[in-house]
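Undergrad: Dropping a structure here in structure tokens format, bear with me for questions.
The values are calculated or read from the model by the stated rules, or taken from the named source; none is laboratory data. Just so you know, these numbers come straight off a predicted model, no measurement behind them. For neighbour counting, all protein chains shown are included, and Cβ atoms are generated from backbone atoms with ideal geometry for every residue, glycine included. These accessible areas exclude ligands, DNA and RNA; they are computed on the full protein's heavy atoms, side chains included. Shrake-Rupley method; radii C 1.70, N 1.55, O 1.52, S 1.80 Å.
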Amino acid sequence: MRMRTLGLLRELRNRFGPGPFGKIAQKLLALSFRELGYAPIVERSVEGVDIDVVGETGKKFGLEVKTTEGLSIGLSPNNIQDLRDRAKDGYSPVIAALRLAVFENWILAKVPLDELSAGQVLIERLRAYRMSDVENLLAPAFERVVEEHYQGTLKNGQRYLSEQLRKTGIEIRGF
Amino acid sequence: MLQLKYLQVEGFRGFPTKSDVLDLATPAVLLYGDNHQGKSSILNAIEWCLYGDQCVGGRSGIRERVGGWEIVNRNASGATVGLAIESEQGVTTIKRAQVKGLGKKGRSIEVILPDGTRKEGDEAEQEIMRLVGLSFRDFATTVYQHQETIRAIVIQPPSERNDAIDRLLGLSDYLNVLDGIRRSKIADAQKNLINQRKQLETRIEEALRIRQEDLKDKKREAVDSGLDESELNEEKLLEGAENVKKQMEEFASELGISAAPVSSPSDWKDAPSFGDEAQKELDRLWSESPDLKEQSELNARRTEADALKTNYESQRQALGTAKAKPQEFEREYGTQAEINHQIENTRKENDAVDDQIRQVSPKAKLVEEGIAVLEATRPDESTDVCPLCGETVPNLLDHLRKEWAERIEAQVRALKARRAALAEKRAKLIDLKTQHESLTENLAKAREQLAGAVQRAAEFLDRELTDQDDPAALLSIEIGKIDDRLKQIAEAIKGKRETLNRISQSLNRLSLLHDVLELEEKIGRIEKIAESDEYRELENIRDGVAVFVVDVEVLDRIVRECMAEEAKDKMKAAGDAIDDYFQKIVGNPAAQKLIVEIEEDKRTGGNSYTFRDQDGEEFKPISSLGDMNGLALSMFLGLVKAYGHPIGFVLMDDPSQSLGSRQKKRLVEVLDEVCRSGRNIVVGTMDSELQEFLESSLTRAKTIYEFSKWGPQSGPEVVKRV
């Protein structure tokens, strides 16, 4: 992603801390999918995978969203179970990982469920399963979304983003 | 089924020379002898003759054969093994040879088929494979019981026993692949790539941080200079440049001079050259401004007026002083004429005294003058020559001094004193005269200098000045006029300078805008790294490596699964036979049934073998060496029985390594069963107890070869006993 976008995301992270920032990134990602024309989209704050998206071709994805500044992400047994559950409903399980570092973008990894195990997973490893075509469309959309919603998010945090999700027709489950 | 007929070796391993032809056609061939007498070489020779390089080194899957397992005897130049095998089609003879030191060129293989056809090289190899119909790995698992395999199972610690059993089951290819995967350290290579990428990232982050801080400072400076943050862009810069040009034109017009054209910047990068050009033009306009020029000239004129006035006043004061001094002098010492008169009088008075002295002693004046002349003589000249008459008189000066002292001095002393006083007085008068002359000269000079100052003032004021004029006053009036004009100009300049400052500030803002845009471009240039072909290539490599690492992991898993699957298949096929042979050889009453359980070894990812009894309990006594040996033999013989290949013989090398007496006897009973089932056996052993059981309990015909007296040059002495 562009340096500017990275700078804005880092400022959000510094402002809200790593945990809330993860949720902010998740909502920004949902808005980015919306911008790409995915519908319906469900964003969850509590149980289940973080985001459900359905593409124009009807292809369904269940996204477990992870952000980090390090080289790996942590997958809990619950995360894996959530992905399994969504797979049962016809959603392809996808791990969406964003490393906050120069030149990095969202990696959308369609990892086979039988190859997933709980623990730390190197983001580098996820590259083997990346959905490059979706990622290539997603990257510029995400940049635009961050640019558009940075000020509002900086001011009102997740509350602002939840409003935006509702405005764009994204269903929010959880609080 | 294939049966061995006969064998002959030469230069092969323990046989430096040609052996006799060994008859292997009987149901049991027993090779007796102590260690290192050549028994194993005979078994190895059969194996090598059939499989060549496949049974040598790492390819063999037998650890002991990796490095240092020599084919050609050290005292031979080459190795040759001849083997005859009988099948339903008749006898096929195989001759494999290797010349030492020639590599592949020194290897040859020849096969003579039952119909007499002779094949060599690859064709011969193909004929052998067609005849034997068994890979080397299967041959090593189901035909040839290597003593290394038994030893491995018997003496390896439990953690490594699994590996030995894998090899006994012919799974060494899988193990080798897994070992290769492990040693390739693919994941480490990926980690290395990640670290290197991380280093690159750190360097980029650092460069970025520095530039972003610079940008922040520069933006703050720009905002402080009056720009709005939203104006920090190229459009604003180009607009600003046009404004500067317009301001400069208006300024030139205000100054009343024409502005030279300054080229507009085509983009933000032209801003520095535009700034330089504009600044130069601005400097020129300012320096050529009429007000400024006049100010400069007036300042120069005022300085000159000041100097002239000061000079005039100083000269006038100097003249006053020069006039007063002669008057004072004359008041004290008289006029010039009066001093001259006194000098003349003194001269006359002195002449009179001289006359008096001459009158007192006519000679005195001459002596006195003579002494004076001689005393003034140079050291190198003689003082004996009279200065008056020129005659030479020895010690003339001394004579004259003596005469002066003794006869003349007393007579003229008073007159001389008088004359000295007159001389002193005259000298003083002459000095006064000189002083008076100097004062008169100074007065003239002061008058002249004052006239010069007046003349210069007249020139400056551009008018004639007479004695009736006061130049100082006139100059003061002129200075006042200049000051008034300078004040007027200063007022006029003040407004223009404000305009000039405004333009300079505009130029400074352009410069700041340029710096901001330049830093943004530098940051952008870092960003461009991600768009470069090299970076994309790096990304592709990262993806490729990630896929490769996963592929290798999948391959590793598949190999393990296949290995486990094959182990299970083999155990399933041979399980009953293994159990049967185990009961017969080991005879452990606690184990009525041997069940081999195969699971994944969580530590190594390989197979883990657990032996359980009929109740599913882990079979503890299996840990005794004899039981382990019995287990290995049972597994081998079970696989032999279960594996339906056409080879009708079994090779066993030192099978009784850790067996007890009863177990040895039971083993021979099992071997007899094997023989009776139609398979011939070739057994090499140093164990005399086993030999005794073999001879007494094997019910089939047997040929015994006794190996002894092995020497490095001669090899073993092999004696056939029927």
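Undergrad: From the set of residues in segment B:527-541 that are assigned to a helix (DSSP H, G or I) and crowded, with 17+ Cβ neighbours inside 10 Å, which is farthest from the other protein chains (Cβ to nearest Cβ)? Full working, then the answer.
TA: So in segment B:527-541, the residues assigned to a helix (DSSP H, G or I) come out as B:527-529, B:533-541.
Okay, now just the ones that are also crowded, with 17+ Cβ neighbours inside 10 Å, so B:527, B:538.
On the way: B:GLU527: 5, B:LEU538: 10 Å.
Top of the filtered list is B:LEU538.
Undergrad: Looking at A:GLU124, is it within 29 Å of B:GLY524 (Cα to Cα), acidic (Asp, Glu), touching a residue at least 40 places away in the same chain (Cβ under 8 Å) and away from chain B (no Cβ under 14 Å)?
TA: Numbers: within 29 Å of B:GLY524 (Cα to Cα): yes; acidic (Asp, Glu): yes; touching a residue at least 40 places away in the same chain (Cβ under 8 Å): yes; away from chain B (no Cβ under 14 Å): no.
Judged against the criteria, A:GLU124 is not a match.
Undergrad: Do we find that B:LYS309 is surrounded by 18 or more Cβ atoms within 10 Å (Cβ to Cβ), out of contact with any His (no Cβ under 9 Å at 6 or more places or on another chain) and outside the structural domain of B:ALA453 (by TED's automatic domain parsing) in this structure? Don't jump to the end; show me each part of the working.
TA: Working: surrounded by 18 or more Cβ atoms within 10 Å (Cβ to Cβ): yes; out of contact with any His (no Cβ under 9 Å at 6 or more places or on another chain): yes; outside the structural domain of B:ALA453 (by TED's automatic domain parsing): yes.
Yes: the conditions hold for B:LYS309.
Undergrad: May I pose another question? Residues B:LEU507, B:LEU512: which one is touching a residue at least 24 places away in the same chain (Cβ under 8 Å), closer than 30 Å to B:LEU208 by Cα, surrounded by 19 or more Cβ atoms within 10 Å (Cβ to Cβ) and touching a Ser or Thr at 6+ places or on another chain (Cβ under 8 Å)?
TA: Working: B:LEU507 fails: touching a Ser or Thr at 6+ places or on another chain (Cβ under 8 Å).
Criteria check complete, one pass: B:LEU512.
Undergrad: Further question: Taking segment A:20-73, which residues are among the hydroxyl-bearing types (Ser, Thr, Tyr), outside any strand (DSSP E or B) and open to solvent by 10 Å² or more (accessible area, probe 1.4 Å)?
TA: At the first step, the residues of segment A:20-73 found to be among the hydroxyl-bearing types (Ser, Thr, Tyr) are A:32, A:38, A:45, A:57, A:67-68, A:72.
Cutting the leftovers down to outside any strand (DSSP E or B) gives us A:32, A:38, A:45, A:57.
A:TYR38, A:SER45, A:THR57, listed by residue number.
Rundown of residues vs (1) within 30 Å of B:ALA252 (Cα to Cα); (2) in a helix (DSSP H, G or I); (3) among the aliphatic types (A, V, I, L, M), yes/no style:
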{"residue": "B:LEU500", "(1), (2), (3)": "yes, yes, yes"}
{"residue": "B:ASN508", "(1), (2), (3)": "yes, yes, no"}
{"residue": "B:ALA546", "(1), (2), (3)": "no, yes, yes"}
{"residue": "B:VAL554", "(1), (2), (3)": "no, yes, yes"}
{"residue": "B:ILE558", "(1), (2), (3)": "no, yes, yes"}
{"residue": "B:MET571", "(1), (2), (3)": "no, yes, yes"}
{"residue": "B:ALA577", "(1), (2), (3)": "no, yes, yes"}
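Undergrad: Being closer than 21 Å to B:PHE548 by Cα and open to solvent by less than 60 Å² (accessible area, probe 1.4 Å) is the filter here, so list the residues in segment A:131-154 that pass it.
TA: Going residue by residue through segment A:131-154, those that are closer than 21 Å to B:PHE548 by Cα are A:131-133, A:135.
Result: A:MET131, A:SER132, A:GLU135.
Undergrad: Residues that are in contact (Cβ under 8 Å) with a residue 12 or more places away in the chain, crowded, with 17+ Cβ neighbours inside 10 Å and assigned by TED's automatic domain parsing to the domain that holds B:PHE649: list the strands (runs of 3 or more DSSP E) wholly contained in segment B:35-134 that include at least 3 such residues.
TA: B:78-87, B:90-99, B:107-112
Undergrad: Look through B:LEU512, B:LEU519, B:LEU555 and report the one residue that is more than 14 Å from chain A (Cβ to nearest Cβ) and out of contact with any His (no Cβ under 7 Å at 6 or more places or on another chain). Break it down into steps so the answer makes sense when it comes.
TA: Values: B:LEU519 fails: more than 14 Å from chain A (Cβ to nearest Cβ); B:LEU555 fails: more than 14 Å from chain A (Cβ to nearest Cβ).
After ruling out the rest, the residue left standing is B:LEU512.
Undergrad: A further question follows. Of all residues being under 22 Å from A:ARG127 (Cβ atoms) and in contact (Cβ under 8 Å) with a residue 40 or more places away in the chain in segment A:70-90, which is nearest to the other protein chains (Cβ to nearest Cβ)? Just the residue, please.
TA: A:LEU71
Undergrad: From the list A:ARG2, A:ARG44, A:ARG34, exactly one residue is within 21 Å of A:LEU75 (Cβ to Cβ) and in contact (Cβ under 8 Å) with a residue 60 or more places away in the chain. Which is it? Quick ask: steps written out before the conclusion?
TA: On the way: A:ARG2 fails: within 21 Å of A:LEU75 (Cβ to Cβ); A:ARG34 fails: within 21 Å of A:LEU75 (Cβ to Cβ).
None of the other options fit; the residue is A:ARG44.
Undergrad: Mind counting the residues in segment A:97-115 that are open to solvent by 20 Å² or more (accessible area, probe 1.4 Å), within 12 Å of chain B (Cβ to nearest Cβ) and at pLDDT below 95? Full working, then the answer.
TA: Of the residues in segment A:97-115, the ones open to solvent by 20 Å² or more (accessible area, probe 1.4 Å) are A:105, A:110, A:112-115.
Cutting the leftovers down to within 12 Å of chain B (Cβ to nearest Cβ) gives us A:105, A:112, A:114-115.
Within this subset, residues satisfying the condition of being at pLDDT below 95 are A:112, A:114-115.
Selection size over segment A:97-115: 3.
Undergrad: Which residue pairs have Cβ atoms under 7 Å apart, sit 6 or more places apart or on different chains, and have a first residue in segment B:222-246 that is at positive phi and a second that is open to solvent by 50 Å² or more (accessible area, probe 1.4 Å)?
TA: Qualifying pairs under 7 Å: B:GLY226/B:ARG509.
Undergrad: Hey, among the residues in segment B:312-342 that are in a helix (DSSP H, G or I) and among the polar types (S, T, N, Q), which one's most open to solvent (accessible area, probe 1.4 Å)?
TA: It comes out as B:GLN317.
Undergrad: Sort through B:GLU201, B:GLU206 and tell me the only one that's of a type in the set (D, E, K, R), free of Cβ contacts under 8 Å to residues at least 12 places away in the same chain and open to solvent by less than 50 Å² (accessible area, probe 1.4 Å). Step through it out loud before you land on a result.
TA: Working: B:GLU206 fails: open to solvent by less than 50 Å² (accessible area, probe 1.4 Å).
Residue meeting the stated conditions: B:GLU201.
Undergrad: Of the residues B:ASP267, B:ASP224, B:ASP188, which is within 14 Å of another protein chain (Cβ to nearest Cβ) and either closer than 14 Å to B:LEU507 by Cα or open to solvent by 30 Å² or more (accessible area, probe 1.4 Å) (or both)?
TA: Details: B:ASP267 fails: within 14 Å of another protein chain (Cβ to nearest Cβ); B:ASP224 fails: within 14 Å of another protein chain (Cβ to nearest Cβ).
So the residue among B:ASP267, B:ASP224, B:ASP188 that is within 14 Å of another protein chain (Cβ to nearest Cβ) and either closer than 14 Å to B:LEU507 by Cα or open to solvent by 30 Å² or more (accessible area, probe 1.4 Å) (or both) is B:ASP188.
Undergrad: Report every pair of residues separated by at least 6 positions or lying on different chains whose Cβ atoms are under 7 Å apart, first residue within segment B:295-324 and on the phi > 0 side of the Ramachandran plot, second outside any helix (DSSP H, G or I) and open to solvent by less than 60 Å² (accessible area, probe 1.4 Å).
TA: none
Undergrad: On the basis of being modelled with pLDDT under 95 and of a type in the set (Val, Ile, Thr), does B:VAL132 make the cut? Steps first, please.
TA: On the way: modelled with pLDDT under 95: yes; of a type in the set (Val, Ile, Thr): yes.
Yes.
Undergrad: Checking B:VAL550 against (1) over 30 Å from B:LYS191 (Cβ atoms); (2) within 14 Å of chain A (Cβ to nearest Cβ); (3) at pLDDT 90 or above: exactly one of these is not met. Which one?
TA: All conditions are met except number (1).
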